[in-house]
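Okay, structure first, notes after.
The values are calculated or read from the model by the stated rules, or taken from the named source; none is laboratory data. These numbers come from a predicted model, not from an experiment. Virtual Cβ from ideal backbone geometry, glycine too; neighbours counted across all protein chains shown. The accessibility values were calculated without ligands, DNA or RNA, using every heavy atom of the protein model including side chains. Shrake-Rupley method; radii C 1.70, N 1.55, O 1.52, S 1.80 Å.
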Amino acid sequence: MLRWWIYALQLAELLVSSLVHVLYGLYIFSTAVAGDLSQALTDRFFKPNANIEVKSEDPSGTNVDDLPPIVLVHGIFGFGKGKLGGFSYFAGAEKKDERVLVPDLGSLTGIYDRARELFYYLKGGQVDYGEEHSKAYGHSQFGRTYEQGNYPQWDEDHPIHFVGHSAGAQVVRVLQQMLADKKFKGYEDTSENWVLSITSLSGAFNGTTRTYFDGMQPDDGKTMKPLSLLQLCRIGVIIYDWLDIPWLKDYYNFGFDHFNMSRKKLGAWGLVECLLGNAGPFATGDWILTDLTIQGSMGMNSHLQTFPNTFYFSYATKRTTKILGVTVPSGILGIHPLLFIRVLQMSQWRHPPDVPPPYKGYRDEDWQENDGALNTISMTHPRLPIEHPSRLVVNDSDCLPLQPGIWYYKIVEADHILFIVNRERAGVQFDLIYDSIFERCRKHVFRKTPQTLPNQAP
């Protein structure tokens, strides 16, 4: 009888979680559509009488285009500029600086694939996922083509600042390692020094126990439980890609076009094969959730370095506190409804006793502080399987002048989505976080000489 009660509770939790996620997705989609319709009506009925361009002279003589761009890289289920109309994943933070790029990468594709896409987004050309990788995971070697790169001059003399949210931070680390290992055919001069700084916002460096609550098997970190939130997600994504409705995919895309799951190529039987788990990214494991398990992150981290000439910063978030030694959510009102159940579950995480621990010295209590999506221990800096140099920062001024090759990290009281999507929800904290990031990139991070900013005397 007790077993049936447990099954009933698990099913109820799955239904509630599914409903909350679907409603939130519809809210985002409808908000984007409403914003686009409003903008279209405004442009239609309130056109300006004349196009007047005002150019201001820069007293310092510095062109904005000469500044290193700051590239904002979105996380799981995210999107870049051009998707969801005028809606902003980073809640308009890109408007805080005159030289910001917001690429649109696969929202559910694996971290390796997203790193390849990011390179060609910046340099231009057709995305090459690599012959060996493409054969191993059963997808096309080549993807979309960028006729014009968004920063084609990118090299060691023209490095870039990267800011990654959630899985986006790990995407940038993988890209930097690819640059160091010269993994891009036709670009033999790449190096890790093409990356000037990496800033992580709730970055997924060491995996998350949420993947197991959502449906990944904790024994291998690759397969999914037969009845779970991820299984429902998998079915929805397969059908979405198979239908291949052009205007809908132009509006939002999960990023699996190189798996060729369209009805035009697969037919009805191909859809059945994908749904049965015999084909597609979910069958081969080439999607982002396998990279976000503790096992997947450890495997990836074993090949990633922290480089001596790059500056590293991290904002680790948490929405938990300890009461009498027990980790619990830190209030209800401050946690987004999308995340509250997971904050509670993750704060009570216990590794299955019949499954070997993921690493030597593992303790459940280390993984109980969380922000509803990631464990706080995972966000500070890369620490598994080898801990990288790091330093806790309380006041920004305490770590000046900054040193490269060290992960400076701060602990911030926030849930996983406080600094994206909805600016009003974060309030003044939103401006404090992003202003400090952009100011650091422009004033405190440089290799040769301090950069002269527009409207600033040299």
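Report the extension gain between Asp65 and Ser262 in nm, rounded to one decimal, defined as 0.36 nm multiplied by the number of residues separating them, less their alpha carbon distance. Don't skip to the end; give the middle numbers.
Numbers: separation 197, 0.36 × 197 = 70.92 nm, distance 3.97 nm.
Extending this stretch completely gives an extra 67.0 nm.
Once you place label points 7 Å from the Cα toward the Cβ at Asp43 and Glu156, how far apart are they in nm?
Result for the modelled spin labels: 4.4 nm.
Can you give the helix-only mean residue ellipticity at 222 nm for the chain, where every DSSP H stretch with n ≥ 4 adds -39500 (n - 2.57) and the sum goes over all residues, rounded to the nearest 500 deg cm²/dmol? Please list the in-between numbers first.
Values: 15 runs with 169 residues, N = 458.
Only helices count here, giving -11500 deg cm²/dmol.
Lys and Arg at +1, Asp and Glu at -1: add these up for the other residues within a Cβ distance under 12 Å of Tyr315 and post the number. Could the numbers behind the result be given before it?
Details: positive: Lys318, Lys410, Arg440; negative: Asp371, Asp396, Glu413.
With Lys, Arg at +1 and Asp, Glu at -1, the net is 0.
Would you please name the trypsin sites (Lys or Arg not before Pro) within the range 331-428 that are DSSP coil residues with at most 10 other C-beta atoms within 10 Å of their C-beta?
Numbers: sites: Arg342, Arg350, Lys360, Arg363, Arg383, Arg391, Lys410, Arg423, Arg425; in loops: Arg350, Lys360, Arg363, Arg383.
When the trypsin sites (Lys or Arg not before Pro) of the range 331-428 are filtered for loop state and at most 10 Cβ neighbours within 10 Å, Arg350, Lys360, Arg363 remain.
Extending each Cα 7 Å along its Cβ direction at Ile332 and Tyr7, get the distance between those two points in nm, one decimal.
Distance between the two pseudo-spin positions: 3.1 nm.
Just report the Cα centroid separation between the range 412-443 and the range 191-259, whole Å.
24 Å
Please report the net charge: other residues with Cβ closer than 12 Å to the Cβ of Pro357, K and R +1, D and E -1. Show your work: numbers first, answer last.
On the way: positive: Arg350, Lys360, Arg363; negative: Asp219, Asp354, Asp364, Asp366.
After counting each charged neighbour, the total is -1.
Taking all protein chains in place and a 1.4 Å probe, what share, in percent, of the accessible surface of the chain do carbon and sulfur account for? Before the final figure, lay out the partial values.
Working: 12880 of 22120 Å².
With neighbouring chains kept in place, the figure for the chain is 58 percent.
So what's the range 86-238 giving for Cα Rg divided by 2.2 N^0.38 Å, two decimals?
Details: Rg = 16.9 Å, N = 153, 2.2 N^0.38 = 14.9 Å.
Relative to the 2.2 N^0.38 Å estimate, the range 86-238 comes out at 1.14.
Per residue, what accessible area does the chain have, given a 1.4 Å probe and all protein chains present, in Å²? If you can, show how the numbers build up before the last one.
Numbers: 22120 Å² over 458 residues.
Here the per-residue accessible area is 48 Å².
Greater than 27 Å separation of Cα atoms is the criterion. Which listed pairs, Lys123/Lys410; Lys182/Lys249; Lys185/Lys249; Lys135/Lys222; Lys83/Lys264, meet it?
On the way: Lys123/Lys410 32 Å; Lys182/Lys249 33 Å; Lys185/Lys249 29 Å; Lys135/Lys222 19 Å; Lys83/Lys264 23 Å.
From Lys123/Lys410; Lys182/Lys249; Lys185/Lys249; Lys135/Lys222; Lys83/Lys264, over 27 Å: Lys123/Lys410; Lys182/Lys249; Lys185/Lys249.
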